[in-house]
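Where a number appears in this text, it was derived from the coordinates with a stated rule and is not lab data. Since the model is a prediction, treat every value here as computed from it, not as a measurement. Heads up, the Cβs are rebuilt from the backbone with ideal geometry, glycines too, and the neighbour counts pull from every protein chain shown.
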Amino acid sequence: MKYAINNRGKALAVVALALASLAFATAQSQWDIPEAEAQALNPTPLTPENVEAGKLLYEKNCQSCHGNPGKGDNLAVLIPPPPDLGTAEFQEANTPGMIFHKVTNGMGTMPSFKLSIASDNERWYIVHYIRSFGDHPEDAEVAVEEAAKPAGSKIEMSVELGADSTLMARILTTDSTGAKVPAVGVEVSFFAKRYFGMLPIGEGAVKTNAQGLASVKFPSDLPGDSTGLVQVFVQVKDVDTYGKVEAEQAVQWGISTVPKNLLDDRTLWTIGWNAPLWLIITYAGILGIVFIILGVVALNVKKMKELGDNYNAKNP
Ligand code: HEC
């Protein structure tokens, strides 16, 4: 009996130790995901293109460890092994936000892809690809909701003219209470419209400041129309995030230029005496030579006639 108890005690001790180490191990390796991040919805629409983009990114960055989702062919030599992301168990336990958090931040042997896949959108494409191995009709609804929003509804822009020929774009957004607040850090590009294309004003895009204002100095040497009017085009750079947000504004800050008639200059395509001088001289010269040759021929013909008349007169 004594022996048996001893044995059972040993067995219990082993089990307790195993449980303790398991508890210790799990305490060391648990995803700690803030609720807001776990609930985050995929901001990129669920389209075949985005899933395909996610598939390519997955094959390049993840497959070597995780294998093909749903095939259970992951590289199991790591401890803990990289789980198969296609299993029903994983699919049910993970929201899009949780997958995004895990891919972004990593944990232990699972690398963080915050830097190596720096684009948030690209990491969300991978989430779309991974979720495509489960049954998540709600993902498509989210995307439809996103797509149904008219482009540019999140921010609005107005163009203002400051002193000293400063062009300003004011960008407002709506906060959670519905109040209009300045949108900070939105990149804005300014252009002057030309006959052929757009001329950028300033050096690249400008970010809005704390007041939601992005400004550039209008160049002093830009030609405008006859009254100095220049059509300015302002555009929010990040179309992916905000949609197409654009504005146009005429400013009076250009140098007034009278548009030239294309036929006013001495050009090859012009008409009459506006042709290039060399053309007129060459033309007149050739014409002169032709007349001189004609004159010489006429003179010689006259001479021949006189010779003939003389001959006839001498030999009747
Ligand atoms: C170096 C091998 C390796 C690479 C590369 C890798 N992972 Fe992992 N991943 C792991 C390991 C190991 C774990 C398990 C981590 C743990 O539980 O401690 C893991 C865990 C995960 C989890 C969480 C699984 C769960 O059950 O919670 C997700 C999601 C994941 N990886 C996605 C990815 C994606 C997407 C990529 C590519 C962008 C990727 N991983 C690249 C090794 C890797």
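Laid out as a table, the results:
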item	result
Residue list for the stretch 185-224, restricted to those being surrounded by 15 or more Cβ atoms within 10 Å (Cβ to Cβ) and of a type in the set (D, E, K, R)	Glu187
Matching option when the condition is more than 9 Å from the ligand (Cβ to nearest atom) and farther than 11 Å from Tyr58 by Cβ, among Pro96, Pro111	Pro96
Considering residues of the stretch 97-116 that are buried (at least 19 other Cβ atoms within 10 Å of the Cβ) and hydrophobic (A, V, I, L, M, F, W, C) only, the residue farthest from Val142 (Cα to Cα)	Met110
Residue within the stretch 265-280 that is exposed (fewer than 10 other Cβ atoms within 10 Å of the Cβ) and of a type in the set (Asp, Glu) present	no
Asn315 surrounded by 10 or more Cβ atoms within 10 Å (Cβ to Cβ) and over 60 Å from the mean Cα position of the chain (by Cα)	no
Some residue of the stretch 212-227 being in contact with a Lys or Arg (Cβ under 7 Å, 6 or more places away or on another chain) and not hydrophobic (A, V, I, L, M, F, W, C)	yes
Qualifying positions in the stretch 186-241 - of a type in the set (Asp, Glu) and under 18 Å from Thr166 (Cα atoms)	Glu187, Glu203, Asp221
Single match in Asn61, Asn105 (criterion: closer than 24 Å to Pro43 by Cα and within 6 Å of the ligand (Cβ to nearest atom))	Asn61
Given (1) of a type in the set (A, V, I, L, M, F, W, C); (2) assigned to a strand (DSSP E or B); (3) touching a residue at least 24 places away in the same chain (Cβ under 8 Å), index of the condition Ala250 fails	(3)
